[in-house]
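The values are calculated or read from the model by the stated rules, or taken from the named source; none is laboratory data. Owing to the predicted nature of the structure, the values given are computational and were not obtained by experimental measurement. Neighbour counts run over all protein chains shown; Cβ positions are idealised from the backbone, glycine included. Heavy atoms of the whole protein, side chains included, go into the accessibility calculation; ligands, DNA and RNA do not. Shrake-Rupley method; radii C 1.70, N 1.55, O 1.52, S 1.80 Å.
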Amino acid sequence: MADKTFDMIVIGAGPGGYVAAIRGAQLGLSVAIIEREHMGGICLNWGCIPTKALLRSSEVFHLMHRASEFGLSADNISYDLDAVVKRSRGVAAKLNAGIGHLLKKNKVTAIMGEASLVGKNKVSVKTDKGTEVLTGKNVVLATGARARELPGLEADGDLVWTYKTALKPPHMPKKLLVIGSGAIGIEFASFYNTLGADTTVVEVMERILPVEDKEIADFAKKAFKKQGMKIMEKTLVKQLDRGKGKVTAHIESKGKVEKVEFDTVISAVGIVGNVEGLGLEKIGIKEDRSHVVTDQYCRTNIKGIFAIGDLAAPPWLAHKASHEGVMVAELIAGLKPHAVKPESIAGCTYCHPQIASVGYTEAAAKDKGFDIKVGRFPFVGNGKAIALGEPEGIVKTIFDAKTGELLGAHMVGAEVTELIQGYVIGRQLETTEEDLMQTVFPHPTLSEMMHESVLDAYGKVIHI
C-alpha cells in the first residue's frame with residue numbers, strides 16, 4: 001500500500017464502521033477501513049438482514065394457511081428449509097457486495113485483515129500478505145459484538161445454537177428451547193414456531209421482552225401463547241446435558257428444578273463487545289464489562305480515538321451505530337453535529353406480531369417523575385387493519401401532562417416497525433400533542449391509529 005497515513009482509520013466494517021468511512025470520505029478526509037471477516041458486519045451478514053428474510057418466509061407461510069379467509073385456496077402447503085435459508089443467504093450476499101462497491105465509489109481504502117492499536121495513532125494490520133503499520137490522525141473503533149455464552153450453555157453448532165447456526169440450521173428443530181426473550185430470541189422463536197417447531201421460551205427476568213413497555217410485552221405474550229409457544233418467565237436454565245440428538249435442560253422456576261428434553265436449543269442471552277486483540281489496554285482505553293467507555297460524542301478517554309456501535313454504550317442497534325458513524329466522521333472533519341440521544345432511538349422486533357417502540361415506557365416515565373397522560377388505540381378499531389386481516393394489536397402513546405411532550409410510543413401489531421418512525425420524527429422535532437392532533441393522517445392506513453392514540457390520551461378519540 002503506497003499511502004500509509006490517513007485522516008481516519010476505521011476498524012470494523014459493520015453498519016457503524018462502513019457508514020463512518022463513507023461519510024468521512026464525502027467530507028474530504030483520507031479514510032482506510034479494516035475488516036477481518038465480512039463487509040457489512042454482523043447486521044448485514046448474520047443479523048438484521050438475513051433474519052428479516054427468514055421471517056418474511058415464515059410470514060408468507062403463515063398467510064398461506066389463512067388463504068381461505070381471503071377467499072383464496074392453497075393446498076398441500078409446505079416449505080423447504082434449505083430453500084428458505086438459501087434465499088436469506090442470497091439477500092445477505094447481495095448487500096455484502098454492495099458495501100464493497102460503495103466504499104470503492106467513495107475512494108475509501110478497504111483492507112481485509114486483523115487490526116490492533118500499537119500506539120495512540122498507529123494501527124497494525126495483519127493480512128494474508130503480512131503485517132504493516134498504518135498511521136491514523138483519528139481512529140474509529142467499530143468492531144461490534146458477538147453472542148454472550150454462559151458457562152455450561154455454550155453453543156456447539158449441533159444441538160445448541162447461537163444466532164449464526166440458527167440462520168443456517170443443520171436441521172429443523174422439532175422441540176426447541178430458546179434461552180432469552182430479547183429481540184433476537186423472540187425473532188427466532190417466532191420463525192421456528194411458525195414453521196411448526198414446538199417452542200419454549202425461557203426468560204430469567206420478570207417478563208419477556210424486558211426492555212419493552214409492560215402492556216405491550218403482555219399483549220405480545222398472549223399472542224405468542226395463542227400461537228402455541230410456551231413462555232416461562234422468572235426462570236433459569238441451570239445446565240444442559242447433551243446426548244445423542246437431544247439435550248436435557250435443567251430448568252429452575254419458583255425454586256423447583258425440572259428436567260425437560262429438547263432436540264435444539266438457541267441461546268440468545270445478550271452480547272459481549274469485541275475488545276480482544278485490539279490493543280486497548282496498551283494505550284489505556286477504558287472499558288466497562290467488554291464495552292468501550294465513551295462520552296455522548298463517542299470519544300474515548302484517549303484523544304483522537306472514538307468507539308461506536310455495539311462496542312460502545314447501548315442501545316445496541318444497527319441504526320444507532322450508523323448514526324454514530326456519521327456523527328464521528330463529521331466531528332473529525334471539523335463540523336458540529338448533534339449528539340445521538342439514546343432515548344430517541346427506536347427499537348424494532350420483527351416477530352409475529354411485530355413490536356416497535358421509542359422513548360420512555362410508562363413505568364420509566366413515572367420513575368423519572370413525569371406527570372403523564374397515556375393514550376391507546378386498538379387495531380380492531382382501524383379499517384385498514386381489518387381489511388388486511390390483522391385486527392390484533394395496539395398503539396400506545398405517553399405524554400408529559402405539563403408540556404404535551406411526546407415521552408414515548410409503543411406498538412404491537414402488523415407493520416408497526418414501519419409506523420414507529422412517525423413518532424421518532426415527532427420526538428426529534430420536539431412535537432407536542434397539539435401538533436400531532438392537528439396533523440391529517442391519510443385514510444385508510446394503519447397510521448391513523450397513531451393519530452387516534454394521541455387523541456385518546458386527551459379524551460378526544462373518535463373510533464373507540
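Of the residues that sit in segment 343-358 and are assigned to a strand (DSSP E or B) and over 23 Å from residue 399 (Cβ atoms), which one is most open to solvent (accessible area, probe 1.4 Å)? Spell out how you get there, then give the answer.
Here is the first cut: in segment 343-358, the residues assigned to a strand (DSSP E or B) are 347-349, 354-358.
Filter once more, keeping what is over 23 Å from residue 399 (Cβ atoms): 349, 354.
Numbers: 349: 6, 354: 31 Å².
In this case the residue turns out to be 354.
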ask   = Looking only at residues in segment 260-289 that are small (Gly, Ala, Ser) and either under 15 Å from residue 12 (Cβ atoms) or open to solvent by 80 Å² or more (accessible area, probe 1.4 Å) (or both), which one is farthest from the chain's Cα centre (by Cα)?
value = 279
inquiry  = One residue is enough: does segment 330-341 have a residue meeting the conditions out of contact with any Leu (no Cβ under 8 Å at 6 or more places or on another chain) and within 22 Å of residue 212 (Cβ to Cβ)?
reply    = yes
request  = Mind listing just one residue for me: the one in segment 209-248 that is in a strand (DSSP E or B) and within 28 Å of residue 353 (Cα to Cα) and, of those, most open to solvent (accessible area, probe 1.4 Å)?
outcome  = 230
task = Inspect all residues belonging to segment 367-389 and state whether any of them is under 21 Å from the mean Cα position of the chain (by Cα), over 24 Å from residue 341 (Cβ atoms) and open to solvent by 10 Å² or more (accessible area, probe 1.4 Å).
result = no
inquiry  = Kindly evaluate residue 254 against the criterion of being over 22 Å from the mean Cα position of the chain (by Cα) and farther than 30 Å from residue 122 by Cβ.
reply    = yes
ask   = Hey, among 108, 123, which residue is surrounded by 15 or more Cβ atoms within 10 Å (Cβ to Cβ), touching a helix residue (DSSP H, G or I) at 6+ places or on another chain (Cβ under 6 Å) and not hydroxyl-bearing (Ser, Thr, Tyr)?
value = 108
key: Single unsatisfied condition, residue 155 versus (1) open to solvent by 30 Å² or more (accessible area, probe 1.4 Å); (2) out of contact with any Ser or Thr (no Cβ under 6 Å at 6 or more places or on another chain); (3) of a type outside the set (S, T, N, Q); (4) over 21 Å from residue 52 (Cα atoms)   = (2)
message = Just to be sure I understand, how many residues within segment 432-464 are among the β-branched types (Val, Ile, Thr) and open to solvent by less than 20 Å² (accessible area, probe 1.4 Å)?
response = 1
ask   = From the list 256, 246, which one is out of contact with any strand residue (DSSP E or B) (no Cβ under 7 Å at 6 or more places or on another chain) and at pLDDT 95 or above?
value = 256
request  = Looking at (1) open to solvent by less than 30 Å² (accessible area, probe 1.4 Å); (2) assigned to a strand (DSSP E or B); (3) among the β-branched types (Val, Ile, Thr), find the lone condition where residue 257 falls short.
outcome  = (1)
Residue ID - most open to solvent (accessible area, probe 1.4 Å), chosen from residues in segment 177-207 that are farther than 17 Å from residue 253 by Cβ and assigned to a loop (DSSP other than H, G, I, E, B) = 196
